[in-house]
Amino acid sequence: MPSVASPPGSRRSCERPAVNPAPSGLDAVAAVRAALEPGRDRVRDHADGFTWRPDAFEQRVTVVHSRDDGSCRVEACTAILREVVGRGPEFAVLAARNAREPGMSSLRWDAMSGDVSLIAAVVARPGDGGRAARRLAHAALLQLGDALLAADELALELPAASLAEVPDAAGALAPPVAAVHAWRAYAAGATRSSTQLPEHVAKLVTLAPAPWRRATRAVHGVDAEIDCAPHAAGLAPGARLALLRVSALQPHPRLGAGLMLALVPPESSEPIAERAAATAALLNEGEAREWMGVDALGGWCVHPAAGLSHVVFVPALAVEQDTVETLAIEAAARARWAVEFLARVAERRTGATPTTA
């Protein structure tokens, strides 16, 4: 099977062009570093963040976008596989695992390098009280254990790929740091931290102004209908609706109680079911590269019942007072972005004029 990985020495998926980070971004990086507590012998500092090796894989925490208004996109990235060919079977494996193991990070394939990485990102803004940085700190901690679990599974499902393991400077792997097993602490604290979650979810029904056309209570929590017009102009009203399901009653198999958001874009976004896994990979890569103005937590996947979807799970221990509202509002923005993004993809595929306004 041919490789699409870049030549030796080329930039890898977690290595982005250097930016001139604003203070908000550097503050967020510092907050994540304080939460991870990496040993000095495991860290490489750079102007936009740092890279460290908690186990066999390296994690890179960096500012990847910096805007004139002082807002920054800050990312935690752990590369786990190299030389992954971008074909249907590989995309299907990644899309299925993103659905089966929802979290704050997601598996993303980089078309430029052929790497598969776990990535989570937030938008840090001046005066946000450090909330975005705390979300990323939780994601970065959980990403460490997720990387080891995903690597074990994907090494079997994608045997042509190679592990992105990085030996230490002495040539022998040092013992993993305790943070690798942080997910156990989240699971242990889930029950006592989840008592207020259903109440937070229920408040979405009365949110004003609301970024959706309608929100209704359901047994699991709240369902919202997001009108993607004018980005889906020319389509029938039902064909331009994205559906958002927010629940605090669906536990994670490892992390226990928490907050689950599942977004299903309009049915017209990807009319060919067989192409859904490749489309999920495109959307994940698009989120990793484009400035969307919202956090990039969770990931696009293919759900066995709902098809093309975006899912994110935040463990109860990581949920703050405004987390439900923030992620729900960002999900509405993501739905509209996805419709516009896929319209551009369709235009490139066919040369036709997109249906966006």
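Brief remarks on what is shown
- Pairs, first touching a residue at least 12 places away in the same chain (Cβ under 8 Å) and assigned to a helix (DSSP H, G or I) in region 181-194, second of a type in the set (Asp, Glu) and surrounded by 17 or more Cβ atoms within 10 Å (Cβ to Cβ), C-beta under 9 Å, six or more apart: Trp183/Asp146
- Which numbered condition Asp55 fails, given (1) of a type in the set (D, E, K, R); (2) more than 24 Å from Leu154 (Cβ to Cβ); (3) modelled with pLDDT under 90: (2)
- Among the residues of region 9-21, some residue qualifies, meaning at least one is at pLDDT 65 or above, surrounded by 19 or more Cβ atoms within 10 Å (Cβ to Cβ) and either over 20 Å from the mean Cα position of the chain (by Cα) or in the same structural domain as Val63 (by TED's automatic domain parsing) (or both).
- Pairs with Cβ under 8 Å, 6+ apart, first in region 205-233 and closer than 26 Å to Glu340 by Cα and outside any helix (DSSP H, G or I), second at pLDDT below 95 and of a type in the set (Ser, Thr, Tyr): Pro230/Thr356; His231/Thr356; Ala232/Ser268; Ala232/Thr355; Ala232/Thr356; Ala233/Thr355; Ala233/Thr356
- Enumeration of residues in region 81-91 that are outside any loop (DSSP other than H, G, I, E, B) and over 18 Å from Glu287 (Cβ atoms): Leu81, Arg82, Gly88, Pro89, Glu90
- Any chance Glu270 is modelled with pLDDT under 90, at negative phi and surrounded by 14 or more Cβ atoms within 10 Å (Cβ to Cβ): yes
- In this structure, Thr195 does satisfy being modelled with pLDDT under 90 and among the β-branched types (Val, Ile, Thr).
- Region 16-30 - residue that is assigned to a helix (DSSP H, G or I) and not hydroxyl-bearing (Ser, Thr, Tyr) and, of those, farthest from Val61 (Cα to Cα): Pro23
- When Arg87 is tested against (1) over 20 Å from the mean Cα position of the chain (by Cα); (2) closer than 24 Å to Gln321 by Cα, just one condition goes unmet, and that condition is (2).
- Top-ranked residue in region 31-76 [being out of contact with any helix residue (DSSP H, G or I) (no Cβ under 6 Å at 6 or more places or on another chain), part of a strand (DSSP E or B) and among the aliphatic types (A, V, I, L, M); ranked as surrounded by the most Cβ atoms within 10 Å (Cβ to Cβ)]: Val64
- Filter result for Arg245 (surrounded by fewer than 20 Cβ atoms within 10 Å (Cβ to Cβ) and either free of Cβ contacts under 8 Å to residues at least 40 places away in the same chain or within 17 Å of Arg336 (Cα to Cα) (or both)): no
Residue-by-condition table, conditions (1) more than 20 Å from Ala318 (Cβ to Cβ); (2) acidic (Asp, Glu); (3) outside the structural domain of Ala306 (by TED's automatic domain parsing); (4) in contact with a Phe, Trp or Tyr (Cβ under 7 Å, 6 or more places away or on another chain):
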residue: Pro102; (1), (2), (3), (4): no, no, yes, yes
residue: Ser105; (1), (2), (3), (4): no, no, yes, no
residue: Asp115; (1), (2), (3), (4): yes, yes, yes, no
residue: Ala120; (1), (2), (3), (4): no, no, yes, no
residue: Arg125; (1), (2), (3), (4): no, no, yes, no
residue: Gly130; (1), (2), (3), (4): no, no, yes, no
residue: Arg135; (1), (2), (3), (4): no, no, yes, no
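- Filter result for the condition that a residue is in a helix (DSSP H, G or I) and either among the hydroxyl-bearing types (Ser, Thr, Tyr) or out of contact with any Phe, Trp or Tyr (no Cβ under 7 Å at 6 or more places or on another chain) (or both), over Leu94, Leu141: Leu141
Per-residue answers, yes or no, for (1) buried (at least 18 other Cβ atoms within 10 Å of the Cβ); (2) under 15 Å from Gln250 (Cβ atoms); (3) more than 16 Å from the chain's Cα centre (by Cα):
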| position | (1), (2), (3) |
| --- | --- |
| Gly293 | no, no, no |
| Ala296 | yes, no, no |
| Gly299 | yes, no, no |
| Ala306 | no, yes, yes |
| Val312 | yes, yes, no |
| Leu317 | yes, no, yes |
| Ala328 | yes, no, no |
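- Exactly one residue out of Pro102, Pro126 is at negative phi and crowded, with 24+ Cβ neighbours inside 10 Å, and it is Pro102.
- Within region 127-155, the set of residues being within 17 Å of Val294 (Cβ to Cβ) and in contact with a Ser or Thr (Cβ under 6 Å, 6 or more places away or on another chain) comprises just one member, Ala139.
The values are calculated or read from the model by the stated rules, or taken from the named source; none is laboratory data. Everything numeric here is computed off the predicted structure, so don't read it as measured data. Cβ sites come from the backbone with ideal geometry, for glycine too, and all protein chains shown count toward neighbours.
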